[in-house]
1. Looking at segment 57-68, I want the residues that are under 10 Å from residue 32 (Cβ atoms) and have a partner that is not in a helix (DSSP H, G or I) with Cβ atoms under 8 Å, at least 6 apart or on another chain. Which pairs are those?
2. Is it the case that residue 76 is touching a strand residue (DSSP E or B) at 6+ places or on another chain (Cβ under 9 Å), loosely packed, with under 12 Cβ neighbours inside 10 Å and at pLDDT below 85?
């Protein structure tokens with residue numbers, strides 16, 4: 001069974017992997033609850049507050065940040081590329 005491009009019907013297509021979440025990986029790792037808890041406790045110490053207050057605040061903010069970025073970031077998606085018409089299309093276009 002050969003797969004055809006949905007645009008030009010060519011059989012000269014190739015499966016490619018497109019990771020759409022690579023740009024947000026560094027940003028997501030900086031905004032983890034543990035990272036922001038450590039940062040919050042350090043900031044709290046500099047303002048002569050108990051470090052636990054900053055740690056709790058950082059954990060809450062990190063959790064909110066994670067939930068917002070994970071919902072808006074699409075997951076890893078498989079794409080096909082047609083060498084005839086140079087179109088990229090998702091797997092569900094083949095069905």
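The values are calculated or read from the model by the stated rules, or taken from the named source; none is laboratory data. If you're wondering where the values come from, they're calculated on a predicted model, not measured in any experiment. Note that each Cβ is placed from the backbone with ideal geometry, even for glycine, and that neighbours are counted across all protein chains shown.
1. 62/31; 62/32; 65/31; 66/31; 66/32
2. Answer is yes for this residue.
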